[in-house]
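In what follows, a single structure is set out as structure tokens and then discussed.
The values are calculated or read from the model by the stated rules, or taken from the named source; none is laboratory data. No experiment lies behind these values; they were computed from the predicted model shown. In this analysis, Cβ positions are derived from the backbone assuming ideal geometry, glycine residues included, and neighbour counts consider all displayed protein chains.
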Amino acid sequence: MRLLRLSPNPDFSDPLLFGIADCIDADTNGGLLNSDLSDILMVSNLNKIAGKKAAKNSDFGRATGYLQTALSLLPQDHWETRYRLSIELHLTLAQCAHATSNLDLAKKSLREIIDHGRELNDTLDAHYQLIFMTNLVKGKQLVALKSCVEILGQLGENVGASGLNLFTNMVASIRQTLNSRSDAELLNFKQLGASDSNSKRRLQFLSQACVVSSTGVDPKTNFHTLCRSMEICLSEGYSRVRFVFEA
């Protein structure tokens with residue numbers, strides 16, 4: 001602990017990082033209850049960094065252990081006092097747990113974020129990943145799609161609307177826009193920037209809804225989300241963000 005106090009911010013690239021974390025965790029196991037909060041948070045931070053490094057090395061089982069230790073050392077009111085850190089740790093833990101097929105732990109971590117999130121934007125990554133995992137379970141595609149459509153509704157997208165006239169108008173509008181643009185314009189689509197977060201999020205969940213509904217559970221929603229995604233790309237810009245579940 002004395003050495004950790006001298007260097008409270010461990011180096012991510014330190015080849016001894018795992019050894020240091022393992023030694024301190026073993027030495028302090030059960031012995032931090034009466035320690036200063038600053039010492040406890042230093043050990044928590046050490047485990048967070050070790051967990052992220054283990055995840056980067058694809059050692060997800062080891063990463064899960066470090067991240068669970070990091071979370072266990074946070075104060076009981078961490079959702080009030082360390083809100084962003086709590087989201088970061090739970091999200092990373094969910095990704096690592098999913099990579100080790102521990103779906104119960106992954107879902108529990110994601111629901112923690114959803115239950116304690118102060119704003120919708122703070123919970124979108126958790127919602128996206130939870131929907132992703134739900135869609136992998138046989139017979140749960142409709143549940144996943146419903147969740148996705150609900151999030152899109154909160155983002156301002158009325159995906160539930162349907163009807164032949166609506167679809168005909170969407171296709172006609174897309175065709176008109178494409179025909180009105182030169183080849184040069186079509187090859188130079190605007191790319192969404194950092195200030196276009198709402199557009200990126202809508203495209204993210206529209207893409208997810210399109211994938212889920214493509215299994216045949218709801219062809220109308222599949223067509224609607226595909227057309228709506230094209231409309232956004234043509235009118236607002238496209239995003240290069242990879243909409244996949246990554247650890």
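If you check Thr81, Thr64, Thr69 for being touching a Pro at 6+ places or on another chain (Cβ under 8 Å), within 30 Å of Ser35 (Cβ to Cβ) and not charged (D, E, K, R), only one passes: Thr81.
Scanning the stretch 194-205 for residues that are at pLDDT below 90, surrounded by fewer than 18 Cβ atoms within 10 Å (Cβ to Cβ) and touching a Lys or Arg at 6+ places or on another chain (Cβ under 6 Å) turns up nothing. Among the residues making up the stretch 115-131, those that are surrounded by fewer than 16 Cβ atoms within 10 Å (Cβ to Cβ) and assigned to a helix (DSSP H, G or I) are Asp115, Leu120, Asn121, Asp122.
Those residues that are touching a residue at least 40 places away in the same chain (Cβ under 8 Å) and in contact with a Lys or Arg (Cβ under 9 Å, 6 or more places away or on another chain), I need them from the stretch 102-127; list them, please. Scanning the stretch 102-127 gives Asn121, Leu124. Taking the stated definitions as given, is Asp59 within 23 Å of Thr100 (Cβ to Cβ) and at pLDDT 85 or above? The answer is yes for Asp59. Residue count for the stretch 1-30 under the criterion of being part of a helix (DSSP H, G or I) and modelled with pLDDT under 70: the result is 7. Would you check if Thr134 is surrounded by fewer than 18 Cβ atoms within 10 Å (Cβ to Cβ) and of a type in the set (Ser, Thr, Tyr)? When the stated conditions are applied, Thr134 does not pass them. Taken across the stretch 177-193, residues that are more than 16 Å from the chain's Cα centre (by Cα), within 13 Å of Glu231 (Cα to Cα) and at pLDDT 90 or above do occur, with at least one present.
Taking the stretch 138-239 as the region of interest, the helices (runs of 4 or more DSSP H) fully inside it that hold 1 or more residues being of a type in the set (S, T, N, Q) and without any contact (Cβ under 8 Å) to a residue 12 or more places away in the chain are 164-179.
Checked across the stretch 92-104, the condition of being touching a Cys at 6+ places or on another chain (Cβ under 9 Å) and at pLDDT 95 or above holds for at least one residue. Apart from one condition, Ala99 fits all of (1) under 20 Å from Phe205 (Cα atoms); (2) touching a residue at least 60 places away in the same chain (Cβ under 8 Å); the exception is (1). For the residues Met170, Met133, the requirement of being closer than 26 Å to Cys233 by Cβ and in contact with a helix residue (DSSP H, G or I) (Cβ under 7 Å, 6 or more places away or on another chain) singles out Met170.
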